[in-house]
Amino acid sequence: MGMIKKYFMPNEYVQSIFQIDIEKLAASGVKGIITDLDNTLVGWDVADPTEAVRAWFEKAKEAGIKVTIVSNNNEQRVGSFSKSLKVDYIFKAKKPRGRAFKQASVLMELKPEEIVVIGDQMLTDVFGGNRRGLFTIMVVPVKKTDGFITKFNRLIERRLLQHFRKKGYITWEEN
Ligand SMILES: [Mg+2]
């Protein structure tokens with residue numbers, strides 16, 4: 001059970017990216033963010049960054065934090081979204097596999113302890129980040145609806161959340 005916690009339990013859990021204290025991250029030595037796209041930054045069916053998302057990226061930049069978008073989605077989706085924010089990106093990342101996380105770290109020229117991973121899925125974002133020893137922040141998905149595979153992952157995710165809650169590892173309420 002210790003292994004389950006090690007791999008699937010996020011270091012932090014927040015309602016949305018806007019609850020993440022960027023200045024606090026920067027003050028604690030964070031220099032890079034690897035973030036998921038779909039249902040983390042915007043709903044999976046929203047093509048472009050919202051004004052609030054743009055402001056969030058601007059804030060990170062001002063705080064001296066580099067951001068790389070790492071998504072399992074295709075080049076068209078991830079590329080056009082990321083380019084409009086002028087940030088680096090990795091598409092078809094095959095999270096939770098570690099290669100894309102490693103690639104993003106190299107791209108940002110940062111050490112693991114300087115990077116946080118943000119995402120809405122325990123089985124891809126959190127698992128992938130934890131496997132590489134990165135600090136992970138899980139967010140509540142922007143949108144409730146998901147694709148088929150994600151639906152399956154959510155089922156397992158709910159069981160893991162139940163387990164962590166029972167163990168007293170988490171205090172947040174599932175929405
Ligand atoms: Mg996602």
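Roughly how tilted is helix 148-167, in degrees to the nearest 10 and between 0 and 90, from the longest Cα axis of the chain? Long axis of 148-167 versus the principal axis of the chain: about 60 degrees. Taking each DSSP H run with n ≥ 4 as -39500 (n - 2.57) and averaging over every residue of the chain yields -12000 deg cm²/dmol at 222 nm.
In the chain, Cα pairs under 8 Å separated by at least six residues give a relative contact order of 29 percent. For the chain, find the longest principal axis of its Cα atoms and tell me its angle to the long axis of helix 75-85, 0 to 90°, nearest 10. Helix 75-85 and the main axis of the chain meet at about 60 degrees.
Here the calculated FRET efficiency for LYS6 and THR171, from their Cβ-Cβ distance with R0 = 25 Å, stands at 0.85, rounded to the nearest 0.05. Stretching the chain fully between ALA52 and GLN19 yields a gain of 10.7 nm (0.36 nm per residue, less the alpha carbon separation). Among the lysines, select those whose C-alpha is under 21 Å from the C-alpha of LYS86, and discard any that sit fewer than 8 residues away in the same chain. Within the straight-line cut-off, LYS86 pairs with LYS31, LYS59, LYS61, LYS66, LYS102.
Mean silhouette area of region 77-175, derived from the convex hull of its C-alpha atoms and averaged over all directions, reads 7.3 nm². Quick one: Karplus J couplings for region 51-62, per residue in order, coefficients 6.51, -1.76, 1.60, θ = phi - 60°, nearest Hz, x for Gly and Pro? Those phi angles translate into 4, 5, 5, 4, 5, 5, 5, 5, 4, 4, 4, 5 Hz.
Stretching GLN162 away from SER84 to a fully extended chain increases their span by 24.3 nm, per 0.36 nm per residue minus the current alpha-carbon distance.
When the convex hull of its Cα atoms is viewed from all sides, region 8-144 shows a mean projected area of 6.9 nm².
Assuming R0 = 22 Å, can you tell me the calculated FRET efficiency for the pair LYS61 and LYS143, based on Cβ-Cβ distance, to the nearest 0.05? According to the calculation, E is roughly 0.25. Hey, how many Å between the Cα centroid of region 19-82 and the Cα centroid of region 109-144? Spelled out, the Cα-based centre of one part sits 12 Å from the other.
Bear in mind that the values in this text are calculations on the coordinates, not laboratory data. Quantities reported herein were computed from a predicted structural model and do not represent experimental measurements. All Cβ positions, glycine included, derive from the backbone under ideal geometry; neighbour counts span all protein chains shown.
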